[in-house]
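Below is one structure, written out as structure tokens; the observations come after it.
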Amino acid sequence: MKNLKLHFQIIILSLLLYSCKKRRDEPNPTEAIVKGTIFSTQNSYKEIHGAIISLDNKKRNKSHSDGTFLISNVSPNTYNVIVSHSQYKNDTSELTVIAGDIITHPVPLEPIAPILSLTDEVEALDFGLTTNSLTFTIENIGIGSLTWELVFEEESWFSVSDLSGTGNLEISVTINREELLEGTYQSEIIVKNKEFDNDVDTIDIHVVSEKQSISFKPGAEEGKDSHIRFHSDFESLNYSDKAYLNVSYWTRWGYGYAMNSVIEFTDLKSLTNVEIVSAELIFHDGSYYDEANFALWSDYVVNGYDNDNTIDLYLVTEEWEEDEVTPINAPSYSTAISAEIARSNDRSELKTSDVTALVQETVDHPDTYFGFYMVNRTQSRYRSMMLASSDSPNSEEHPELKVVYIQR
């Protein structure tokens, strides 16, 4: 019984609200409502927004974005309905108003100036998760030559093909997804008729990205790196505590010998079931860290021996311990996938490598690969590249692995 009573109360309340709404929409019995649509005589009768509608220059209103207008509380009389717009010819027509009426009065206007329009009246470009490029077309639906410009806040994650022009043109908007991390991105492009400030359109831009980023930059305690001197005098020596990694082919007592390096970012294996978008390995120069041999290192790295010191990077295929690795027990590596640190004898520049493929292989097979093995591409004398290690006293110059990925 209580439920039935509540049901009737809801019905009565709904009827009351509906009747109130109807009374608000209806004209005063002694007055009238004048409404209508302002539209163009050209371009398929496109609705016109921003037109001024007045009754004998007394009561007035402005047309909305869909071209509609409404003037309420109009007293019975005969009026001149005057419609004006800066880009169209004025229109004047006579209208007799009777008390209690709702009068529909459509008004066509003839264009007299260039008028900006967007094909299909597009209001937004939705790029979603994967789309990289979409277009919209600027058109002149008026008379004369249209001069337009695009105004927007510059963002690194999207670009626009044309910023200004005349006449009709297709505009391409391109998304640079490399600049986007996980999240939703929004912006807008305002399309302006340069001759008429009130003639504008707005295009909203919506982009969704699932990319995430992480940086691995361990210090001396967490870092795992070492260089290995392949010479009979150094077969049992470990170089894990040096402030630099040495990748060289040099000479000692008339014999050529190599110095290779290994580095592993052990936390990389915390990434599971991911697609690697990009991975960059970054080193600072380390030639000036060996104080005892500073003159020697800087001489052949910077001044005298400007040979090809390109470094090839491969994946280590067996486990190794930083404080135990020597030429005798140096870990094996695979040459199936490689990356490079390009030739450089400039101590001031960063030494970088695109290791995207190597990192993807590592996260896909974490029990198979154990870091990067670095060796000179050209195995002949007088070439070297020295890199700051995780033991460098300057923490800002520790090796870094930057990874951008998408969770699968």
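The values are calculated or read from the model by the stated rules, or taken from the named source; none is laboratory data. Quick caveat: nothing in here was measured; it's all calculated off a predicted structure. Glycine gets a Cβ as well: all are built from the backbone with ideal geometry, and neighbour counts include every protein chain shown.
Can residue 373 be described as assigned to a strand (DSSP E or B), touching a Pro at 6+ places or on another chain (Cβ under 8 Å) and under 30 Å from residue 406 (Cα atoms)?
Answer is yes for this residue.
For the range 128-146, which residues satisfy the criterion of being within 17 Å of residue 170 (Cβ to Cβ) and in a strand (DSSP E or B)?
133, 134, 135, 136, 137, 138, 139, 140
Identify all residues within the range 35-63 that are surrounded by fewer than 16 Cβ atoms within 10 Å (Cβ to Cβ), on the phi < 0 side of the Ramachandran plot, free of Cβ contacts under 8 Å to residues at least 24 places away in the same chain and not basic (Lys, Arg); write none if there are none.
Listed by number, the list is empty, since nothing qualifies.
Scan the range 357-408 for residues that are loosely packed, with under 14 Cβ neighbours inside 10 Å and over 24 Å from residue 332 (Cα atoms) and report the count.
6
Return the only residue of 390, 348, 395 being touching a Pro at 6+ places or on another chain (Cβ under 7 Å), over 19 Å from residue 308 (Cβ atoms) and in contact (Cβ under 8 Å) with a residue 24 or more places away in the chain.
On the way: 348 fails: touching a Pro at 6+ places or on another chain (Cβ under 7 Å); 395 fails: touching a Pro at 6+ places or on another chain (Cβ under 7 Å).
Just one listed residue meets the conditions, 390.
Quick check on the range 243-288: of everything there that is in a loop (DSSP other than H, G, I, E, B) and modelled with pLDDT under 90, which residue is nearest to residue 354 (Cα to Cα)?
286
A quick yes/no check of all residues on (1) surrounded by 17 or more Cβ atoms within 10 Å (Cβ to Cβ); (2) aliphatic (A, V, I, L, M); (3) touching a strand residue (DSSP E or B) at 6+ places or on another chain (Cβ under 6 Å):
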site	(1), (2), (3)
214	no, yes, yes
218	yes, no, no
227	yes, no, yes
233	no, no, no
236	no, no, no
239	yes, no, yes
242	yes, no, no
245	yes, yes, yes
250	yes, no, no
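If I filter the range 148-159 for residues that are closer than 18 Å to residue 202 by Cα, in contact with an Asp or Glu (Cβ under 7 Å, 6 or more places away or on another chain) and part of a strand (DSSP E or B), do I get at least one hit?
For the range 148-159, residues closer than 18 Å to residue 202 by Cα, in contact with an Asp or Glu (Cβ under 7 Å, 6 or more places away or on another chain) and part of a strand (DSSP E or B): absent.
Being at pLDDT below 95 and hydrophobic (A, V, I, L, M, F, W, C) narrows it down to one residue among 150, 180; which is it?
The match here is 180.
Considering 149, 94, which residue is among the acidic types (Asp, Glu), touching a Ser or Thr at 6+ places or on another chain (Cβ under 7 Å) and surrounded by 13 or more Cβ atoms within 10 Å (Cβ to Cβ)?
It is 149.
Okay, residues lined up against (1) more than 24 Å from residue 270 (Cα to Cα); (2) assigned to a strand (DSSP E or B):
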{"residue": "337", "(1), (2)": "no, yes"}
{"residue": "345", "(1), (2)": "yes, no"}
{"residue": "352", "(1), (2)": "no, yes"}
{"residue": "359", "(1), (2)": "no, no"}
{"residue": "367", "(1), (2)": "no, no"}
{"residue": "378", "(1), (2)": "yes, no"}
{"residue": "381", "(1), (2)": "yes, no"}
{"residue": "386", "(1), (2)": "yes, yes"}
{"residue": "393", "(1), (2)": "yes, no"}
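Applying the selection to the range 356-384, what residues are within 14 Å of residue 262 (Cα to Cα) and more than 35 Å from the chain's Cα centre (by Cα)?
Matches in the range 356-384: 375, 376.
So, in the range 169-190, how many residues would count as being free of Cβ contacts under 8 Å to residues at least 40 places away in the same chain and either under 18 Å from residue 278 (Cβ atoms) or under 8 Å from the mean Cα position of the chain (by Cα) (or both)?
6
Which one of these does residue 119 not meet: (1) in contact with a strand residue (DSSP E or B) (Cβ under 8 Å, 6 or more places away or on another chain); (2) surrounded by 13 or more Cβ atoms within 10 Å (Cβ to Cβ)?
Going through the list (1) in contact with a strand residue (DSSP E or B) (Cβ under 8 Å, 6 or more places away or on another chain); (2) surrounded by 13 or more Cβ atoms within 10 Å (Cβ to Cβ), residue 119 breaks only (2).
Here's the yes/no breakdown for (1) of a type outside the set (Val, Ile, Thr); (2) in the same structural domain as residue 403 (by TED's automatic domain parsing); (3) more than 30 Å from residue 108 (Cα to Cα); (4) out of contact with any Phe, Trp or Tyr (no Cβ under 9 Å at 6 or more places or on another chain):
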{"site": "135", "(1), (2), (3), (4)": "no, no, yes, yes"}
{"site": "138", "(1), (2), (3), (4)": "no, no, no, no"}
{"site": "143", "(1), (2), (3), (4)": "no, no, no, yes"}
{"site": "150", "(1), (2), (3), (4)": "yes, no, no, yes"}
{"site": "160", "(1), (2), (3), (4)": "no, no, yes, no"}
{"site": "175", "(1), (2), (3), (4)": "no, no, yes, no"}
{"site": "180", "(1), (2), (3), (4)": "yes, no, yes, no"}
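Conditions (1) under 17 Å from residue 198 (Cα atoms); (2) among the acidic types (Asp, Glu), marked per residue:
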position	(1), (2)
57	no, no
64	yes, no
73	no, no
85	yes, no
118	yes, no
125	no, no
131	no, no
138	yes, no
149	yes, yes
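If a residue must be closer than 21 Å to residue 89 by Cβ, at pLDDT 90 or above and part of a strand (DSSP E or B), how many such residues does the range 41-70 contain?
Qualifying residue count, the range 41-70: 8.
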